[in-house]
1. Rounded to the nearest 10 Å², what accessible area does S21 show when all protein chains are kept and the probe is 1.4 Å?
2. Taking the solvent-accessible surface of protein heavy atoms with a 1.4 Å probe, what is the per residue accessible area of the stretch 7-144 in Å²?
3. For the stretch 63-124, with all protein chains present and a 1.4 Å probe, just round the carbon and sulfur fraction of the accessible area to a whole percent.
4. Given the convex hull of the Cα atoms of the stretch 7-144, what is a quarter of its surface area in nm²?
Amino acid sequence: MGEALSIWSPVVLAELSTPRSFDHHQVYHLDERFQGLEDLRVKLREYIVRKQGNALETLFKLEVFCLLENMDGKMQLVKKEENLRDRVLLQEFDCNLDFDKEPRIDFIGDIKKINWQGGLDGNQLHVILFIDYILMAIRQQVIRLLEQEAELKSSDLRVEGAAQDETVRMEEKNLELRRQLRFYEKNIASLKKGIKKVENRNAVLSRESQQYQLLIEELRRAIQEKEQRLSRYEARLYYEDNQDNVYEEIYSNNEGNERISGNSLGSRVKRLFLNSI
């Protein structure tokens, strides 16, 4: 059996009867206009519970991360820090607290859930926060534990703290990855638009090319028809010219024959006349 150890540990004296729900609407004025809110994340950095008279004030220190799309379509990460306060009366605890008997009472909180909503209105960013938490009144006292129990408790605390830190890192990394993903999606969308525009332009050029081809074919047929008509016309002219030459040659031959015939007849008549004298 391990050696007994003594540690200081909080002991709960009282707590809220029901979890506390707190909401807050915050408006941030932006330096420029944005056309879209792509993502919104809220991280709780610290919360402090303080007693003020007969009430408790809880201070929430938050970081608000907004992934915005500017008017040029580029992603921009905007970070805002926010301090929120909420007051709860001590009479809302499930047990009455006697500060005379318990002068060393402390108060702690336990955050159960944080939700948020957001939207853009011109150059204003609207963020609505919802926080559910409980408050506890505690007293520090000595607790005796076995050595193994103490080691387990210390190990649990270290694991819990490491898990919280890892969760914060993962949230920040996921937000950055979403920003990069949105940037790539924008580039892909722009490329798709460019490809679509080129395809449409190619379709128009293809139709115009087909129209030009049809026009060229029509012109080629018209030229061929014109050349054929011209060839037929030239052939007809050549034929008519040859016919005229033939007719002239025949006419010339006829005239020559008539002259030859006339001369022969006159010569014979002349000879007959001379012989008769």
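1. Here the residue's solvent-accessible area equals roughly 80 Å².
2. Per residue, the stretch 7-144 has an accessible area of 58 Å².
3. Summing carbon and sulfur atoms, their accessible area is 38 percent of the total for the stretch 63-124.
4. Across all orientations, the stretch 7-144 yields a mean hull projection of 10.2 nm².
The values are calculated or read from the model by the stated rules, or taken from the named source; none is laboratory data. Note that this is a predicted model, so its numbers are computed, not measured. Side chains are part of the model used for accessible areas, which takes the heavy atoms of the whole protein and leaves out ligands, DNA and RNA. Shrake-Rupley method; radii C 1.70, N 1.55, O 1.52, S 1.80 Å.
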